[in-house]
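These notes are about the structure you will find just below.
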Amino acid sequence: MAKESPPRWDRRMQQRLARGEAAALGELYDRFASLVHGLAHRVLDDEEDADRITREVFAHVWENPDAFDPRQGPLRSWVATLTHRLAVQRLRQTEAAALARDGSGTTEDLERKVRRASAAARADYIVTNMPAPLRAALELAYFQRRDYRQAAADLGVTEDEARRRLRLGLQLLSTAHDNGTSGTPPGNGRAW
């Protein structure tokens, strides 16, 4: 089966970046900076490190525009994957340095921390990219402690539809833990 052609915006953005258009980088930053910073912060749990990773991601995109292949998946997923990889590298470096300095903990502890941070970042990515009706149902159930009947009333849908949305949302979210650090963002074949 032939692969679908990539979205037009992704192709045009990649071409503009390859031509060195500074305005393209600004547009890309405006669109994805909060995603990049949020993922980096989720993995690193440190504002300054998240800021550094954000700068590194956009510098990498600017310096290596041809590294993105629009036929491999959406630009958003590529940027998220790049962010995740750089943040996990930073987490491993800082935690390994702390381990060597303090002598507390083990490499297994480090890897557990990396897996937890990766799963949390993947869950955030999944939630922010799931369809709005699924996200709304999950937010009602999780943050407002609504059951499916209350969620149905709040959303103005049938109880069966509310259950379906909750079930699908939870199924998507469960994939955050299925693959640990080797998972892939939805719609993208590249590894995290």
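Laboratory data are not the source of any read-out in this text; all were calculated from the coordinates shown. Please read these numbers as outputs of a predicted model, since none were measured by experiment. Neighbour counts are summed over all protein chains in view; Cβ atoms, including those assigned to glycine, are modelled from backbone coordinates with ideal geometry.
Full extension of the segment from Ala120 to Ala18, taken as 0.36 nm per residue of separation minus the current Cα-Cα distance, would add 33.5 nm.
When the Cα atoms of the chain are aligned to their principal axes, the ranges along those axes come out at 50, 50, 34 Å in descending order. Note on Arg92/Glu139: beta-carbon distance plugged into 1/(1 + (r/R0)^6) with R0 of 35 Å gives a FRET efficiency of 0.60.
Sequence-distant contacts, meaning Cα pairs under 8 Å at least 6 residues apart, place the relative contact order of the chain at 23 percent. Here r is the Cβ-Cβ distance between Glu161 and Asp46 and R0 is 45 Å; the resulting FRET efficiency, rounded to 0.05, is 0.65.
The HN-Hα couplings worked out from phi for region 15-29 by the Karplus form 6.51 cos²θ - 1.76 cosθ + 1.60 (θ = phi - 60°) are 5, 5, 5, 5, 7, x, 6, 4, 4, 5, 5, x, 5, 4, 4 Hz, whole numbers, x standing for Gly and Pro. Amide H to amide H under 5 Å from Arg146: which residues, 5+ apart in sequence or cross-chain, H placed 1.01 Å off N in plane? Sorted by chain and number, the residues that satisfy this are Ala141.
Sorting 63-69, 110-116, 123-129 by their mean Cβ neighbour count within 10 Å, with the most densely packed peptide first, gives 123-129, 110-116, 63-69. In order along region 118-129, phi translates into HN-Hα couplings of 5, 5, 5, 5, 5, 4, 4, 4, 4, 4, 5, 9 Hz, rounded to whole numbers, per the Karplus curve 6.51 cos²θ - 1.76 cosθ + 1.60 with θ = phi - 60° and x for Gly and Pro. Here the gap between Ala132 and Asp69, fully extended at 0.36 nm per residue and compared with their Cα-Cα distance, gives a gain of 19.9 nm. Each stretch of four or more DSSP H residues adds -39500 (n - 2.57); spread over every residue of the chain, this sum gives -25000 deg cm²/dmol at 222 nm.
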